[in-house]
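First the structure, in the form of structure tokens, and then the observations on it.
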Amino acid sequence: MSLSAHDKELIGKVWTKISPKAAQIGGDALGRLIVVFPQTKIYFSHFADLSPSSPQIKAHGAKVLGAIGEAVSGIDNVSASLSKLSELHAYNLRVDPVNFKLLAHTLLVSLSATLGAEFTPEIHLAWDKFLAIVAAVLSEKYR
Amino acid sequence: MPLTDADKTHVRSIWSKASGKAEELGAQALARMLEAFPNTKTYFSHYSDLSVKSGQVHVHGKKIIDALTDAVNHIDDITGALSALSTKHAHTLRVDPANFKILSHTILVVLALYFPADFTPEVHLACDKFLAEVSYALAEKYR
């Protein structure tokens, strides 16, 4: 399901709006992931504190959103934009790709909490498609 | 997860045997799906007989394998080859894409059953990736 021109426009607009709060949204999404889907803790066993308020969780969440921002900037070729991260996930991190869907879900929840009524169904659709593409790119090199 | 040259070779090689038994393989894959995953019956409420002996199941099973043969013959542009089928699934049939995984699974089971010596782990992997690409291509027009 490729992104239409309209999808890309909506994604870009939302990104511009939320980028000042990107770190906070990322931290929120990751914190939610760990609470709502506790099996994901397995990938963070090296974090001392796994609560949503943990500085490590917040910092990592910020990193994740930063990467998503890069994907937005290079939205016409997400595969190229996230190429290094794709290798990192395939050969080092080895996160089960199932988890990308879970994080996409919590990210959408955090986005909607931030945007409120502005998180229209259209924007929801565009971002869901986009995050599915990001997930596919990150799993690209696994096999 | 793009298909490597090795993947394509494996798919073509096993498919050269499969395409000759299109009706039998298709009927088996479809009937097994309907029996092992009864939720899928919802899309065949117009069939009087859902067993592997059913004429309707045979006709439809052959159609499915023939479409996959077409995809194999256009393995470098599966999206293009399946474009019309994608439109049909999206706008007319409206099969939930989650079910594509289920049928992919029963197709692999049937390939293993019929061609045990050929269905090595490498061929299994290649076919799984190929069917995932087919599923993705079929879901293309949904949204």
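State all residues of the stretch A:118-141 that are loosely packed, with under 15 Cβ neighbours inside 10 Å and β-branched (Val, Ile, Thr); if no residue qualifies, say none.
A:THR120
Sort out which residues of the stretch B:12-43 are surrounded by fewer than 16 Cβ atoms within 10 Å (Cβ to Cβ) and closer than 24 Å to B:ARG94 by Cβ, and write them in order of number.
B:GLU35, B:ALA36, B:PHE37, B:PRO38, B:ASN39, B:LYS41, B:THR42, B:TYR43
Only residues that are of a type in the set (D, E, K, R) and under 12 Å from A:ASP28 (Cβ atoms): list them for the stretch A:53-74, please.
Listed by number, the list holds a single entry, A:LYS58.
Among the residues of the stretch B:110-136 satisfying the criterion of being more than 16 Å from the chain's Cα centre (by Cα) and in a helix (DSSP H, G or I), which is surrounded by the most Cβ atoms within 10 Å (Cβ to Cβ)?
Restricting to residues being more than 16 Å from the chain's Cα centre (by Cα) and in a helix (DSSP H, G or I), the top hit is B:GLU122.
I need the full set of residues from the stretch A:1-21 which are within 29 Å of B:THR87 (Cα to Cα), more than 14 Å from every other protein chain (Cβ to nearest Cβ), in contact (Cβ under 8 Å) with a residue 24 or more places away in the chain and out of contact with any helix residue (DSSP H, G or I) (no Cβ under 6 Å at 6 or more places or on another chain), in order please.
The answer is A:GLY12, and nothing else.
If I filter the stretch B:10-24 for residues that are over 18 Å from B:PHE119 (Cβ atoms), out of contact with any strand residue (DSSP E or B) (no Cβ under 9 Å at 6 or more places or on another chain) and touching a residue at least 24 places away in the same chain (Cβ under 8 Å), do I get at least one hit?
yes
Being under 16 Å from the mean Cα position of the chain (by Cα) and farther than 30 Å from B:ALA139 by Cβ narrows it down to one of A:ALA29, A:ALA71, A:ALA67, A:ALA23, so name that one.
Values: A:ALA29 fails: farther than 30 Å from B:ALA139 by Cβ; A:ALA71 fails: farther than 30 Å from B:ALA139 by Cβ; A:ALA67 fails: farther than 30 Å from B:ALA139 by Cβ.
Criteria check complete, one pass: A:ALA23.
Would you confirm whether or not the stretch B:79-89 contains a residue that is buried (at least 18 other Cβ atoms within 10 Å of the Cβ), of a type in the set (A, V, I, L, M, F, W, C) and part of a helix (DSSP H, G or I)?
Yes, that holds for at least one residue.
Which residue pairs have Cβ atoms under 9 Å apart, sit 6 or more places apart or on different chains, and have a first residue in the stretch B:124-143 that is more than 11 Å from every other protein chain (Cβ to nearest Cβ) and a second that is in a helix (DSSP H, G or I) and among the acidic types (Asp, Glu)?
B:CYS127/B:ASP7; B:PHE130/B:ASP7
Here, each number is a calculation from the coordinates, and none is a lab measurement. Given the structure is predicted, the values throughout are model-derived calculations rather than measurements. All Cβ positions, even for glycine, are placed from backbone atoms using ideal geometry, and neighbour counts span all protein chains on display.
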